[in-house]
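The values are calculated or read from the model by the stated rules, or taken from the named source; none is laboratory data. If you're wondering where the values come from, they're calculated on a predicted model, not measured in any experiment. Cβ sites come from the backbone with ideal geometry, for glycine too, and all protein chains shown count toward neighbours.
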Amino acid sequence: MHADETDIDADLVRRLVSGRFPQWADLPVERVASGGTVNAVYRLGDALSVRLPLTEGGAKDVEREQRWLPELALALPVVLLRLIDEQSTAFRAAVASAPSLDVQVPTCPEWTLFDLIQHLGGGDRFWAAIVGAGPADAPPAEATAARAAVAAPREREALPAWLAESTQLLLSALGEAGPDRGCWTWWGTSQSPQNSGGVARHRVQETAVHVYDAQITLGAPQPLLAEAALDGVEEFLSTCCATPSAWPHKPTAFDFHATEGHSWRLTVDGDGARSTRLPALGTTPATAAEEGPDTAGASVRGTASELVLFMYDRIPADFLQIDGDAGLIDLLRAWEPEE
């Protein structure tokens, strides 16, 4: 026991869960027996857990984890594989509760829910073939042919197995390749690596966003998993925005601030677009003097989930705090670099 130990019980856990995660408010709460004296751990339902620090020192440990775990993501490939598996499971759960597969997906209005299912499952199979083929200058013909021929079963009872098999094909290919094996990717000129680790990192984000698509189709959207979203902002900037193509407007910079305490900068000028991690909220990166203006032309602030969903055009700017010249954001979103 510690002199400064916080009094934590199941009632407190229920109140915290109800306030922050109302979708889990009705799950049973049970303390997990432990000899540890830094954290209190509670089982939440059958598959979740709650860990609360008992002391101020324990709370600082949580801060350190939130600070460093997103930065270690690529150094811990097993984390990426786990996130792909978890998000794929969440997608299947959303699909299973849908009353119809023919309902339109609001965030992808050209698609029905069945189209979304086929897209995600087909994507897993396509990238499994890409990773399995190894280094290449173009997508292997067999992967492209398989993607074109992909056909998810129309029978509701067969879909979960097909989706699970699709995910397993991807996870097996990534696991066998390891994080550093080269492969073709469409982001060759970006800051993201052309290897299986880069594929795994991107598939985490694609799957997480499509979980949101499925959930909003059912009228029950949830924020992206924080662990995925915190890496998602940087992954999007380095994969989808970074380019050697010249920015066709006056040089500037865009700052993206997650309320969880992480910030990133995208510098755009005649040399293209480059993503830089900011050392602290609102500060200037050490290389800013070389890379661009000291002050961003526009900054965007929100939760990591909101930032990622905004980047993928899932939510409008109204959900975020935008400072500076908002018109620059419109220019960035409309920009189509010539590779």
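Quick notes on this one:
- Checking the stretch 229-252 against the condition returns no match, with no residue being among the acidic types (Asp, Glu) and either under 19 Å from residue 319 (Cβ atoms) or free of Cβ contacts under 8 Å to residues at least 12 places away in the same chain (or both).
- Residue match in the stretch 190-204 (condition: part of a helix (DSSP H, G or I), surrounded by fewer than 19 Cβ atoms within 10 Å (Cβ to Cβ) and either within 9 Å of the chain's Cα centre (by Cα) or not assigned by TED's automatic domain parsing to the domain that holds residue 272 (or both)): no
- Failed item, numbered, when residue 127 is tested on (1) assigned to a helix (DSSP H, G or I); (2) out of contact with any Lys or Arg (no Cβ under 8 Å at 6 or more places or on another chain); (3) in contact (Cβ under 8 Å) with a residue 40 or more places away in the chain; (4) more than 22 Å from residue 310 (Cα to Cα): (2)
- Residue among 89, 144, 167 that is out of contact with any Cys (no Cβ under 6 Å at 6 or more places or on another chain), farther than 22 Å from residue 232 by Cα and in a helix (DSSP H, G or I): 144
- Residue within the stretch 167-181 that is buried (at least 19 other Cβ atoms within 10 Å of the Cβ) and under 29 Å from residue 336 (Cα atoms) present: no
- Subset of the stretch 172-210 (residues that are touching a Ser or Thr at 6+ places or on another chain (Cβ under 7 Å) and among the hydrophobic types (A, V, I, L, M, F, W, C)): 174, 177, 183, 187, 199
- Pairing each residue of the stretch 5-29 that is in contact (Cβ under 8 Å) with a residue 24 or more places away in the chain with any residue that is of a type in the set (Gly, Ala, Ser), provided the two are 6+ apart or on different chains, yields C-beta distances under 8 Å for 8/40; 17/25; 23/220; 24/45.
- Residue that is of a type in the set (A, V, I, L, M), over 25 Å from residue 125 (Cα atoms) and touching a residue at least 60 places away in the same chain (Cβ under 8 Å), where the choices are 218, 171, 225: 218
- Within the stretch 291-317, residues that are closer than 14 Å to residue 265 by Cα and at pLDDT 95 or above reach partners that are assigned to a loop (DSSP other than H, G, I, E, B) and of a type in the set (Gly, Ala, Ser) with beta carbons closer than 9 Å, at six or more positions or on different chains, in the pairs 299/282.
- Any hit, the stretch 123-131, residues being surrounded by fewer than 18 Cβ atoms within 10 Å (Cβ to Cβ) and out of contact with any Gly (no Cβ under 6 Å at 6 or more places or on another chain): no
- Residues that are in a helix (DSSP H, G or I), at pLDDT 95 or above and closer than 18 Å to residue 219 by Cα do occur in the stretch 103-114, at least one of them.
Residue-wise test of (1) at pLDDT below 95; (2) closer than 29 Å to residue 273 by Cα.
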site: 149; (1), (2): yes, no
site: 165; (1), (2): no, no
site: 168; (1), (2): no, no
site: 180; (1), (2): yes, yes
site: 186; (1), (2): no, yes
site: 201; (1), (2): no, yes
site: 208; (1), (2): no, yes
